Amino acid sequence: MREVAQEERSGLGLNDHEPLDPYALAREHGIPVYTLSDLRDHDLEPDALDHFHGASTSSWSAALIPFDTARIIVENDAHSLVRRRSNIAHELGHHLLEHSFDNVILGEDHKRQFDTHQEKQAKFMSGELLIPDKAARRAAYDNWDNAQVARAFAVSEQFAQMRMYGARVIAERAAKKFGISR
Ligand SMILES: [Zn+2]
């Protein structure tokens, strides 16, 4: 999976330390991204809007939706841009890993979900796409805090924390091993 993310990043001409634009990646794959506001402007049936919104507007993030062989992404633009970027990267993760829609279930709150395993994979992919492993390790060795990582890769501080946790453990261990004080 890591290799898939790496290939996608180099396809966009990015090195390991540059932020990725998930919207550009969606374009690369011919996947149009619509916001809920877009859909509203196009007079989508209120029922359909409700469907996307699910029970709570605030929690709904985005969905990859199949139309025959084509794919589109609908995203909730009520979220902050950093959150939207990771939502799109997550949905692209499902696409890049070619997750089948056969097992997609509609949850009780009308959210589309792949199975737990596939959700974990998509989460992993969004992490690798937005902050590659190498970049996370570099940042950990350089003692960057979550805010610095978040700024450099245009992600939320929570997302940065999620990506940095493992890298920091590794950096900490290496520092101990070589007797470097941090
Ligand atoms: Zn998902």
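The values are calculated or read from the model by the stated rules, or taken from the named source; none is laboratory data. Predicted, not measured: the structure shown is a model, and the values here were computed from it. FYI the Cβ positions are ideal-geometry reconstructions off the backbone, even for glycines, and counts take in every protein chain you see.
Structure above, values below:
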{"read-out": "Any pair with Cβ under 8 angstrom, 6 or more apart, that starts in the range 75-97 at a residue that is closer than 14 Å to Glu119 by Cα and ends at one that is away from the ligand (no atom under 14 Å from the Cβ) and β-branched (Val, Ile, Thr)", "value": "Ser86/Val155; Ile88/Val33; Leu92/Ile31; His95/Ile31; Leu96/Val4; Leu97/Val4"}
{"read-out": "Count - residues of the range 60-86 that are at pLDDT below 85 and surrounded by 15 or more Cβ atoms within 10 Å (Cβ to Cβ)", "value": "1"}
{"read-out": "Within the range 114-155, considering residues that are at pLDDT below 95 and not in a helix (DSSP H, G or I), the one farthest from Leu12 (Cα to Cα)", "value": "Asp115"}
{"read-out": "Residue within the range 109-127 that is exposed (fewer than 15 other Cβ atoms within 10 Å of the Cβ), within 13 Å of the ligand (Cβ to nearest atom) and of a type in the set (S, T, N, Q) present", "value": "yes"}
{"read-out": "Within the range 78-92, tally of residues that are near the ligand (Cβ under 10 Å from one of its atoms) and closer than 10 Å to Leu130 by Cβ", "value": "1"}
{"read-out": "Residues located in the range 156-182, provided they are surrounded by 11 or more Cβ atoms within 10 Å (Cβ to Cβ), small (Gly, Ala, Ser) and more than 13 Å from Arg137 (Cα to Cα)", "value": "Ser156"}
{"read-out": "Helices (runs of 4 or more DSSP H) (entirely within the range 1-59) containing at least 2 residues that are in contact with a His (Cβ under 9 Å, 6 or more places away or on another chain), of a type in the set (S, T, N, Q) and at pLDDT below 90", "value": "none"}
